[in-house]
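Working notes for the structure below.
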Amino acid sequence: MQKMYKPARIAIIFLITAVMFSIYIVDLYRIQIYEARALDPYTTPPRATTRTINLPAARGNIYDRNGILLASGRASFDVMLDFNTMRPRGSRVMNRSILDLIYTTIERGYEYTDTLPITTGAPFAFFADMRREERRWLDAFFAEHRIDPDISASDLLAWMRNHYNIDYTIGILDARLIMGIRYELEMRFIISNLNPYVFARDVSTDFVSLLAERDYAGVFVERSSIREYHTSYAAHVLGYIRRMSPEQFEVLREYGYPMDALVGQIGAEYAFERVLRGIDGRQRIRMAADGTVVDVITVREPQPGNHVYLTLDIDLQTVVEHSLRTQINLINSEREIDASLSNEVIDIEEILIPGGAVVVTNVRTGELLAAASYPTFNPRTLGQDFGMLNLDSRNPMFNRATHGRFIPGSTFKMITGFAGLRHGLVDRHTTIGCAGRYMRYAAHNFTPSCWIFSLVGVGHGGVDMVRAMEASCNYYFMWVADRLPAEQGSSYQQGNILAGISREFGLGVNTGIELPESTGRLTTPEWLREAYAHGLVDHPSWSSALSVTTGFGQGHNRFTPLQLASYTATIANGGTLFEMSILQRVMSNDFSEALHTFEPTVRSQIEETYHLELIREGMLAASRGNEGTARSVFRNYPILVGSKTGTAQVAGRDVNDGIFVAYAPHNNPEIAVAIVIEKGGSGSAVMDIARMIFDYYFSTESAIMVVPYGQLVP
């Protein structure tokens, strides 16, 4: 009997069936796995991966001139999240794991990163003060998912609950917490160049161990470094570090900086960034699909940064800041009391001092010994205070010592006096009659007056250079400035003379200090024309009236306290303009080698030392003479002090700025001090600050607590 099923036919059928099944399996794999991975990176199970991480190098320390540690680095740990390792467990498990991680972090007292700009409590709303980066991220999120930018916060959260598959058994408040983390993770896909997700910074080893015990998928720990400040003073001088901005990255990327690098923002941290920063290490980590670490290879060990020693004396800095704050608070308290007793309605904010600055420099070297700006901030708590500081209308983050630009007032009279001496207009014995009001241009309705005229209705009478400095006679310096050499029919040359001498003394130019600084504003005929073109002044040409007002310290000049200190030091030391510096030395990271040592740098030398002797004689008279504007504080002071008070009239304000410059000792100067107090009233009102600084500098620290006012321990 013939067989119905031949073996060959059966084999062919099985072969065809096997081929078809193979084709189907391959196609299913292509459609469901391979193409799914290519088209949907959010849902594709990962394979084993290799990740290269940065090993931050320890940042170099910052010390003061006496070796006192001001800033250092401390090893720390950061908690990172990796979405590729988290997602294989599915959205529901991942969401529960994230919520547990959040509560674990909060319970241990740590903050975590959540930049979703929606409040975490009902009623939900977008942040009113959304930062630029937060706005950029949100716009990118809207664009990626074609969401209406006008959507309400509540509707967006409802959409995100569905998008992230958050179980409705989870309350809305907890759901919002989960959304914040999922949003952070997703933004790393939407904006491809974002830094890795640092969930929490600076966690303890105990917390690291706890995370390891709980075995959260996709949660790992990286080594990091935290900047610690060991003083609450010198905030503006030390500066701080933060993650670099995109603009900073464009500059620093060529030096090998990663996008998430912490870099100096202001002060010494900024100025010496590349000295303090070391060379980061690299580590390559291979992980299995479940997140298990398979292999760790250190490609490069981190190399610590070098150490910076500043010229700053932190003890002196402490005294300077304390003196500045104390005097401002004292004046403000007195004004508040007077306002409360007054029958008039007074806007208290209009009369209170908003801030000020003090700079102390070494007369013989140009080293910056102290620089205080008030109000200030505490570098040790800047992280938690940052938002509040930015809302303070007094701008405590602004460094008034290096960037504040102020009218010099009568402290400019030394420039005008020197100009008169250099051009032979006056000498030691030249006497000019102060009539109280300067009437030379009365026909043009320009009759500026000496300060004494507004008080008693008369002038100082006959005054020479020394007495004019002693009594701060405006009339004398108006007269000198008005008679400086001028081109026929024009006072153009007078402006250039005053500006030129100002530069010789360091005013209106960079001081040379390593810190960022403002050059201020030096009024020249050229500047006047440009300012007129921009609508800043009413007339494009230099005039006799401008010579007169500039001559006694008013007008358009604006100088920084740093420049005023350098100027005063140049007068004190006999005409040597030093380049200012805050860098004493740089030591290698192991302290074995000095990479840089400070050497005084002379920028220029004024030759007419005999003119400067007369200027200094006038400044000494201002402190000790019978009419000296600083005599109330320094007349009986045990150390001879050369000084000059200044009062600056600021347009639109009823209360003048107070300026005071001084040096000591007069016969052998060591330090120079410049003080500017906004709405201080006058230089006389703020010179107590200088006395407190001299008290400390020229006496022992323990003696300060017991020495009576105006006296020093021998």
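The values are calculated or read from the model by the stated rules, or taken from the named source; none is laboratory data. Remember, it's a predicted structure, so these values are computed and weren't measured experimentally. Here Cβ is always computed from backbone atoms with ideal geometry, including for glycine, and neighbour counts include all displayed protein chains. These area figures cover heavy atoms from the full protein model, side chains too; ligands, DNA and RNA do not enter into them. Shrake-Rupley method; radii C 1.70, N 1.55, O 1.52, S 1.80 Å.
Residue selection: residue 269 satisfies the criterion of being buried (at least 21 other Cβ atoms within 10 Å of the Cβ) and either polar (S, T, N, Q) or touching a residue at least 60 places away in the same chain (Cβ under 8 Å) (or both). Restricting the stretch 437-453 to residues that are part of a loop (DSSP other than H, G, I, E, B) and under 25 Å from residue 623 (Cβ atoms) leaves a set whose member that is least open to solvent (accessible area, probe 1.4 Å) is 450. One residue alone among 214, 188, 223, 201 is among the basic types (Lys, Arg) and either under 27 Å from residue 389 (Cα atoms) or free of Cβ contacts under 8 Å to residues at least 12 places away in the same chain (or both), and that residue is 201. Among the residues in the stretch 527-548, are any touching a Phe, Trp or Tyr at 6+ places or on another chain (Cβ under 6 Å) and of a type in the set (Ser, Thr, Tyr)? No, the stretch 527-548 contains no residue that is touching a Phe, Trp or Tyr at 6+ places or on another chain (Cβ under 6 Å) and of a type in the set (Ser, Thr, Tyr).
Quick one: count up the residues across the stretch 444-466 that are touching a residue at least 24 places away in the same chain (Cβ under 8 Å) and out of contact with any Asp or Glu (no Cβ under 7 Å at 6 or more places or on another chain). The total comes to 13. Is it true that residue 548 is touching a residue at least 40 places away in the same chain (Cβ under 8 Å) and either within 26 Å of residue 621 (Cα to Cα) or among the acidic types (Asp, Glu) (or both)? Spelling it out, residue 548 is indeed touching a residue at least 40 places away in the same chain (Cβ under 8 Å) and either within 26 Å of residue 621 (Cα to Cα) or among the acidic types (Asp, Glu) (or both). Considering the stretch 554-571, and only residues there that are in contact with a helix residue (DSSP H, G or I) (Cβ under 7 Å, 6 or more places away or on another chain) and at pLDDT 95 or above, the residue that is farthest from residue 310 (Cα to Cα) turns out to be 557.
Looking across the stretch 60-90 at every residue that is of a type in the set (D, E, K, R) and over 34 Å from the mean Cα position of the chain (by Cα), the one that is nearest to residue 209 (Cα to Cα) is identified as 82.
Looking at 189, 141, just one residue is surrounded by 16 or more Cβ atoms within 10 Å (Cβ to Cβ), part of a helix (DSSP H, G or I) and under 34 Å from the mean Cα position of the chain (by Cα), and that residue is 141. The set of residues in the stretch 544-565 that are in contact with a Ser or Thr (Cβ under 6 Å, 6 or more places away or on another chain), of a type in the set (Gly, Ala, Ser) and open to solvent by 10 Å² or more (accessible area, probe 1.4 Å) comprises 544, 555. The criterion of at least 2 residues that are of a type in the set (Gly, Ala, Ser) is met by the following helices (runs of 4 or more DSSP H) wholly inside the stretch 454-510: 465-471, 492-504.
Looking across 133, 111, one residue alone is surrounded by fewer than 18 Cβ atoms within 10 Å (Cβ to Cβ), under 34 Å from the mean Cα position of the chain (by Cα) and assigned to a helix (DSSP H, G or I). It is 133. Filtered by the rule that a residue be in a loop (DSSP other than H, G, I, E, B) and under 14 Å from residue 471 (Cα atoms), the stretch 632-665 gives a lone residue, 635.
Table: residues versus (1) open to solvent by 80 Å² or more (accessible area, probe 1.4 Å); (2) at pLDDT below 80; (3) among the β-branched types (Val, Ile, Thr).
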position: 27; (1), (2), (3): no, yes, no
position: 33; (1), (2), (3): no, yes, yes
position: 36; (1), (2), (3): no, yes, no
position: 44; (1), (2), (3): no, yes, yes
position: 58; (1), (2), (3): no, no, no
position: 64; (1), (2), (3): no, no, no
position: 69; (1), (2), (3): no, no, no
position: 78; (1), (2), (3): no, no, no
position: 87; (1), (2), (3): no, yes, no
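Cβ-Cβ contacts under 6 Å between residues 6 or more apart (or on different chains), taken from a first residue in the stretch 341-354 that is under 17 Å from residue 374 (Cα atoms) and at pLDDT 85 or above to a second residue that is open to solvent by 40 Å² or more (accessible area, probe 1.4 Å) and in a helix (DSSP H, G or I), are listed as 351/335. Taking the criterion of being in a loop (DSSP other than H, G, I, E, B) and modelled with pLDDT of 90 or more, the residues of the stretch 384-406 that qualify are 394, 395, 396, 397, 398, 399, 404, 405. Which residues, counting only those in the stretch 511-542, are open to solvent by 50 Å² or more (accessible area, probe 1.4 Å) and not in a helix (DSSP H, G or I)? The answer is 514, 519, 521, 534, 535, 536, 538, 539, 541. How many residues does the stretch 158-172 hold that are of a type in the set (Phe, Trp, Tyr), in a loop (DSSP other than H, G, I, E, B) and within 18 Å of residue 141 (Cα to Cα)? Residues flagged as of a type in the set (Phe, Trp, Tyr), in a loop (DSSP other than H, G, I, E, B) and within 18 Å of residue 141 (Cα to Cα) within the stretch 158-172 amount to 1. Of 504, 517, 530, all but one fail to be acidic (Asp, Glu) and within 19 Å of residue 421 (Cα to Cα); the exception is 504. For the stretch 341-383, a residue qualifies if it is β-branched (Val, Ile, Thr), closer than 26 Å to residue 69 by Cβ and either in a strand (DSSP E or B) or open to solvent by 30 Å² or more (accessible area, probe 1.4 Å) (or both), and the qualifying residues are 358, 359, 360, 361, 376, 381. Cβ-Cβ contacts under 6 Å between residues 6 or more apart (or on different chains), taken from a first residue in the stretch 552-568 that is within 27 Å of residue 540 (Cα to Cα) to a second residue that is of a type in the set (Ser, Thr, Tyr) and open to solvent by 10 Å² or more (accessible area, probe 1.4 Å), are listed as 553/410; 555/549; 560/518. Restricting attention to the stretch 210-226, the residues being of a type in the set (A, V, I, L, M) and assigned to a strand (DSSP E or B) number 3. Please work out if residue 177 is open to solvent by 40 Å² or more (accessible area, probe 1.4 Å), more than 30 Å from residue 375 (Cα to Cα), out of contact with any Pro (no Cβ under 6 Å at 6 or more places or on another chain) and touching a residue at least 24 places away in the same chain (Cβ under 8 Å). No; evaluated as a whole, the condition is false for this residue. Taken over the stretch 407-436, residues that are assigned to a loop (DSSP other than H, G, I, E, B) and open to solvent by 20 Å² or more (accessible area, probe 1.4 Å) amount to 9. Among the residues making up the stretch 600-631, a single one is farther than 26 Å from residue 559 by Cα, in a loop (DSSP other than H, G, I, E, B) and open to solvent by 70 Å² or more (accessible area, probe 1.4 Å): 626. Selection of first residues in the stretch 93-104 that are farther than 14 Å from residue 166 by Cβ and open to solvent by 10 Å² or more (accessible area, probe 1.4 Å) and of second residues that are assigned to a helix (DSSP H, G or I) and acidic (Asp, Glu), restricted to Cβ pairs under 9 Å at least 6 apart or on distinct chains, gives the following pairs, ordered by first then second residue: 103/174.
Restricted to the stretch 227-240, and to residues that are open to solvent by 40 Å² or more (accessible area, probe 1.4 Å) and of a type outside the set (S, T, N, Q), which residue is farthest from residue 278 (Cα to Cα)? Per the stated criteria, the residue is 233. Within the stretch 638-656, the only residue that satisfies the criterion of being at pLDDT below 95 and of a type in the set (Ser, Thr, Tyr) is 647.
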